[in-house]
1. Please enumerate the residues belonging to segment 87-124 that are touching a residue at least 60 places away in the same chain (Cβ under 8 Å) and over 35 Å from the mean Cα position of the chain (by Cα).
2. Please indicate, with yes or no, whether at least one residue in segment 224-233 is under 28 Å from Asp159 (Cα atoms) and not in a helix (DSSP H, G or I).
3. Taking segment 55-82 on its own, how many of its residues are outside any helix (DSSP H, G or I), free of Cβ contacts under 8 Å to residues at least 40 places away in the same chain and more than 13 Å from Gln148 (Cβ to Cβ)?
4. Filter segment 209-223 for residues that are within 12 Å of Leu184 (Cα to Cα) and either of a type in the set (Lys, Arg) or in a strand (DSSP E or B) (or both) and give the result.
5. Between residues in segment 173-192 that are on the phi > 0 side of the Ramachandran plot and residues that are part of a strand (DSSP E or B), which pairs lie under 8 Å by C-beta distance while being six or more apart or on different chains?
6. Take Asp47 and decide whether it is assigned by TED's automatic domain parsing to the domain that holds Gln155, acidic (Asp, Glu) and either part of a helix (DSSP H, G or I) or surrounded by 17 or more Cβ atoms within 10 Å (Cβ to Cβ) (or both).
7. Would it be correct to say that Gly88 is in contact with a helix residue (DSSP H, G or I) (Cβ under 8 Å, 6 or more places away or on another chain), part of a loop (DSSP other than H, G, I, E, B) and assigned by TED's automatic domain parsing to the domain that holds Glu26?
8. Kindly indicate the residue of segment 1-52 that is polar (S, T, N, Q) and within 20 Å of Ala134 (Cβ to Cβ) and also modelled with the lowest pLDDT among those meeting that condition.
Amino acid sequence: MPEHEADGQLATPTHEVRDFLHRRREQIAQRWADEPLFRTVFTVSRDEAVEASKVVVDALAQVADSDQVEDPDAAGFSGVREQLARMGAARSRAGLSNTQVASELAALRPPVENLLAADLEEAPAEHLRACSTALTVLMGTLRLVAMQTALSEWQALSDRQRLQLMEVATPVIRLWDGVVAVPLIGTLDSARSQVVMETLLNAVVDQHARFAILDITGVPTVDSLVAQHLMKTVAAARLMGAQCIVSGIRPAIAQTIVHLGLDLDVITRASLSDALRYALHELGADIVNPGAGQR
């Protein structure tokens, strides 16, 4: 039965929804616990899914109490954003698309609407429609909040994985005592250049390197931006006390550099082996061909 305000009038639709959520908290949580979104995420026990559902119901009641059922930034949602993010991320890891996750969120609405209709079956039809509309809007806002939160979580995860991939794709190789090398493969953009610089500088410090070789054999093109990134890395290495050598400059790249009028103020060598030979010579450890003395 609908509750009444102090003046004897029916409660406003949003406050009616608030009161309904408080009254039917346990029933709603029990029904939600059997929905895929909760059942497949909270797998330790059904009680765990029920408790998680109650937290969401309480958040909805708080939002309804503030009359902000259309506002995804309503204070009531702040307490469940982290939980919603974990749920969305868990379903994503299970292989569900954003559309499928959204469908599972939408499936939470019918059980609540059915309970509301049963609760207000004796209320005036107009009041029931208004309350149903308020509940529909509230559930739609919850769905929006969940998707926004999940998308933010997925983007953060994607950024972390991208950074990890760049780190893996930018190894530092210790070629000799005091000589390290970074073989670059693929496009060198601003984000990856920062990873290259940090990785190289850490290796210079850890290995006490005097020479650092940047091998760009696997870099398809060199434009002014790539050259600028290389120069920043060279300058940073110099500040750490290491001399940089850029190797792997192919004829096409050399022509591009000349055409762009770029001044690469750095030692260059045609290949990684040539760069290593130069570094060893500077260290007083020249390479000797063991077959040179044989006749």
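The values are calculated or read from the model by the stated rules, or taken from the named source; none is laboratory data. Quantities reported herein were computed from a predicted structural model and do not represent experimental measurements. Cβ coordinates were reconstructed from backbone atoms using ideal geometry, including for glycine residues, and neighbour counts include every protein chain displayed.
1. The answer is Leu115, Leu116, Asp119, Leu120, Glu122, Ala123, Pro124.
2. no
3. Selection size over segment 55-82: 3.
4. Ile213, Leu214, Asp215, Ile216, Thr217, Gly218
5. Cβ pairs passing all conditions: Gly178/Phe211; Gly186/Gly218.
6. On the way: assigned by TED's automatic domain parsing to the domain that holds Gln155: yes; acidic (Asp, Glu): yes; either part of a helix (DSSP H, G or I) or surrounded by 17 or more Cβ atoms within 10 Å (Cβ to Cβ) (or both): yes.
Judged against the criteria, Asp47 is a match.
7. No; evaluated as a whole, the condition is false for this residue.
8. Residues of segment 1-52 polar (S, T, N, Q): 9, 12, 14, 27, 30, 40, 43, 45.
Filter once more, so that each one left must be within 20 Å of Ala134 (Cβ to Cβ): 9, 12, 14, 27.
Values: Gln9: 63, Thr12: 92, Thr14: 94, Gln27: 96.
Checked segment 1-52; the qualifying residue modelled with the lowest pLDDT is Gln9.
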